[in-house]
Amino acid sequence: MSDLNSLILELKAAGEVTRLRLLALLSAGELSVKDLTEILDQSQPRISRHLKLLVDAGLVTRHAEGAWAYFGISNYGDEYELVHSLLARVDGNDQQLCADRARLETLRETQREQAADYFAQVAQSWDALRKLHVPEVAVEAAITSIIGEQKIELLLDLGTGTGRMLELLSDLYHYGIGVDSSREMINVARAKLVAAQVPHAQIRLGDITDIEEYNRTADLVILHQVLHYFDDPGRTLGAAQRLLAPGGVLLIVDFAPHDLEFLRTEHAHRRLGLSQDQVKSWARIAHLEVTEFQEFPNGNESEGLTVCLWMLKDVGGEKK
């Protein structure tokens, strides 16, 4: 419970129109300063000052990524409860908040289109592009080993790309489904799976954060080099958790934090890697627990990317 001085600080931080608007936007997921300046149509210095007050009061968290920073609502504790209590008292039909939400959706749609355009351009050479940055042999051997002899009736590969995970693990699951939002990617994936003679896997076009038809059905969910394309990986992780059947596990493969800005500007990456602390924090909110972690440094010093592997289990409604 907050002491009197801390509570006063928190209330003062929240008690201003722009800062309440910021809290309402951030309650829908993490956003960058650039995103927030576009939505609220205010200057970067002004938005930054408001965010600093919210961060200093503990109501908002900040994660720096190279030249960018992402902000989100404090994940738990008294600050989390206070923010959601305040927002619950605000009329959801308020004209200004509705306009903010509409601009947020427009922004996200633009970002989705940019990512789709990128994937359309690189679909045919996707596997070759990955090999420039990822020690594939070691990572794939670790993936196969960590899954071991686990019984997998249904595997869901979210953001399947060229379907490589479905191909790699084809002997370990009874039925596999790969979901991707890029038509070009799924065309490539379907062709590759036919060539590899994997008839028990299907590729489907869809939004990986909105596939409720598979809720509580998957023994294994994979997010392989996917989360760095999302502004708010925590929301994507939460959507993936809802797909897990009792006893199911979630496998994440992604980059460790890095400062290669060209991956954001030229290759549609939204996050410059994921830290262990970030993944643990997102997992906790999604009622998941990290059970295994491995790192795979890249010997290419000019690129310097390290690949990380996380295995997570569903802990239901428990809070860790």
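The values are calculated or read from the model by the stated rules, or taken from the named source; none is laboratory data. Predicted, not measured: the structure shown is a model, and the values here were computed from it. So basically every Cβ, Gly included, is an ideal-geometry build from the backbone, and we count neighbours across all protein chains shown.
Residues in segment 154-175 that are of a type in the set (V, I, T) and either modelled with pLDDT of 95 or more or surrounded by fewer than 24 Cβ atoms within 10 Å (Cβ to Cβ) (or both): T160 only. Taking the criterion of being aliphatic (A, V, I, L, M) and within 22 Å of P233 (Cβ to Cβ), the residues of segment 19-46 that qualify are L22, L23, A24, L25, L26, A28, L31, V33, L36, I39. With respect to the conditions (1) touching a Phe, Trp or Tyr at 6+ places or on another chain (Cβ under 7 Å); (2) assigned to a loop (DSSP other than H, G, I, E, B), G234 falls short on a single one, namely (2). Checking each residue in segment 184-214 for being free of Cβ contacts under 8 Å to residues at least 24 places away in the same chain and either buried (at least 22 other Cβ atoms within 10 Å of the Cβ) or under 22 Å from T236 (Cα atoms) (or both) picks out only E213.
Note on segment 1-13: among residues that are part of a helix (DSSP H, G or I) and either polar (S, T, N, Q) or at pLDDT 90 or above (or both), the one that is surrounded by the most Cβ atoms within 10 Å (Cβ to Cβ) is S6. The residue pairs whose first member lies in segment 137-154 and is free of Cβ contacts under 8 Å to residues at least 40 places away in the same chain and over 11 Å from L251 (Cβ atoms), whose second member is in a helix (DSSP H, G or I) and not aromatic (F, W, Y), and whose beta carbons are closer than 6 Å, counting only pairs six or more residues apart or on different chains, are E140/L168. Here the helices (runs of 4 or more DSSP H) wholly within segment 14-115 that include at least 3 residues being surrounded by fewer than 18 Cβ atoms within 10 Å (Cβ to Cβ) and free of Cβ contacts under 8 Å to residues at least 12 places away in the same chain are 44-56, 77-88.
Quick check on this structure: which one of R164, R204, R183, R190 is out of contact with any Gly (no Cβ under 6 Å at 6 or more places or on another chain), basic (K, R) and under 17 Å from Q225 (Cβ atoms)? Give the steps one after another, and end with the answer.
On the way: R204 fails: under 17 Å from Q225 (Cβ atoms); R183 fails: under 17 Å from Q225 (Cβ atoms); R190 fails: under 17 Å from Q225 (Cβ atoms).
Exactly one of R164, R204, R183, R190 is out of contact with any Gly (no Cβ under 6 Å at 6 or more places or on another chain), basic (K, R) and under 17 Å from Q225 (Cβ atoms), namely R164.
Just one of the listed residues (G238, G248) is surrounded by fewer than 20 Cβ atoms within 10 Å (Cβ to Cβ), among the small types (G, A, S) and within 21 Å of G316 (Cβ to Cβ), and it is G238.
Of the residues in segment 241-262, at least one is assigned to a helix (DSSP H, G or I), on the phi < 0 side of the Ramachandran plot, more than 15 Å from the chain's Cα centre (by Cα) and of a type outside the set (S, T, Y).
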